[in-house]
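A.B. asks: Pasting in a structure now, in structure tokens, and then I'll have a few things to ask.
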Amino acid sequence: MFDWLISYKDWLTLGQTLSPHDIVAVAFFLGAWIGYTRFAVWYGRRAPSLQGVMDVLRRTWALRMLERDNRMVDLSIVRNLTRSSQFFASTTLLILGALIALLGYVQRAADVVSELPFAIEASHRLWDIKILLLIGIFVYSFFKFSWSIRQFGFCSMVVGAAPKVPQDAEESASEVANLSLIVSFASGNFNQGLRSYYFAMAALSWFLHPWLMVATTLWVVRVLYTREFHSRTLSVLRGGGIEIATSRESRQTWR
């Protein structure tokens with residue numbers, strides 16, 4: 001089943017396995033993912049974004065943490081954040097197991113997909129490539145979630161090591177920066193892992209048609225951009241909750 005993976009001659013003829021439509025779709029998919037990731041970082045420094053607003057709230061949280069004698073609330077917040085990463089990390093492992101098992105049932109899966117509308121026939125080698133793409137996406141996702149879990153664990157240590165009352169402003173600023181930055185790093189890795197789930201939906205559509213993969217990729221990018229930079233959640237976090245709550249439109253649309 002995987003002889004072609006280690007055969008040099010088969011790698012030379014890989015272009016014969018992937019049609020021009022497949023090559024364009026995969027290139028567009030990877031370009032859109034990498035491009036949007038860089039765009040989100042670049043544009044987030046110039047316009048309001050969920051990441052930017054949450055960075056401000058994290059600094060505020062770190063300041064309030066230093067003012068509290070009992071920091072069980074802060075540790076509880078860190079635990080809740082860690083659970084989200086742990087859930088997705090364990091879910092990703094289950095998905096990876098299912099995808100690896102699917103490699104042994106390519107013919108059955110191909111028969112099921114071939115009965116769906118707009119589905120195109122594909123060789124076993126092309127099916128292997130499509131499944132391996134999904135495996136690669138979820139492996140990347142797992143590494144992001146697992147690193148996020150470790151970083152949230154570091155946050156617990158920072159909270160526990162923070163002095164009860166900072167001796168001076170410089171020490172206070174250092175503690176605030178340490179906690180807020182590590183939480184920001186952990187949340188950034190969690191967001192990238194979660195973003196890979198969105199793009200996995202686009203990769204999944206490749207099993208039906210390469211142009212459907214392109215269309216789904218565009219839809220995923222639009223959803224991510226809207227939620228990151230133009231969502232009602234962002235407006236509320238920026239202080240517009242009262243205005244949105246009293247508007248008629250807010251009762252009809254949720255995003």
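A.B. asks: What is the one condition in (1) over 19 Å from the mean Cα position of the chain (by Cα); (2) part of a helix (DSSP H, G or I); (3) farther than 30 Å from Ala162 by Cα; (4) without any contact (Cβ under 8 Å) to a residue 24 or more places away in the chain that Arg64 does not satisfy?
C.D. replies: (3)
For every residue, the table says whether it meets (1) assigned to a helix (DSSP H, G or I); (2) at pLDDT 55 or above; (3) under 30 Å from Arg222 (Cα atoms).
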| site | (1), (2), (3) |
| --- | --- |
| Met1 | no, no, no |
| Leu5 | yes, no, no |
| Trp11 | yes, no, no |
| Gln16 | yes, yes, no |
| His21 | yes, yes, yes |
| Ala25 | yes, yes, yes |
| Leu30 | yes, yes, yes |
| Phe39 | yes, yes, yes |
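A.B. asks: Name the single residue that is surrounded by the most Cβ atoms within 10 Å (Cβ to Cβ) among those in region 89-109 being hydroxyl-bearing (Ser, Thr, Tyr) and free of Cβ contacts under 8 Å to residues at least 24 places away in the same chain.
C.D. replies: Applying the filter and picking the extreme gives Thr91.
A.B. asks: Quick check on region 184-206. Is at least one of its residues over 21 Å from Val56 (Cα atoms) and in contact with a Lys or Arg (Cβ under 6 Å, 6 or more places away or on another chain)?
C.D. replies: Yes, region 184-206 contains at least one residue that is over 21 Å from Val56 (Cα atoms) and in contact with a Lys or Arg (Cβ under 6 Å, 6 or more places away or on another chain).
A.B. asks: I'd like to check something: does region 52-68 contain any residue that is modelled with pLDDT of 90 or more, of a type in the set (A, V, I, L, M, F, W, C) and within 23 Å of Ala202 (Cβ to Cβ)?
C.D. replies: no
A.B. asks: Further, regarding this structure: For region 207-255, which fully contained helices (runs of 4 or more DSSP H) count at least 1 residues that are modelled with pLDDT of 85 or more?
C.D. replies: Of the helices (runs of 4 or more DSSP H) lying wholly inside region 207-255, those with at least 1 residues that are modelled with pLDDT of 85 or more span 210-229, 232-235.
The values are calculated or read from the model by the stated rules, or taken from the named source; none is laboratory data. Keep in mind that what you see is a predicted model, and the values were worked out from it rather than measured. Note that we place each Cβ from the backbone using ideal geometry, even for glycine, and neighbour counts take in every protein chain shown.
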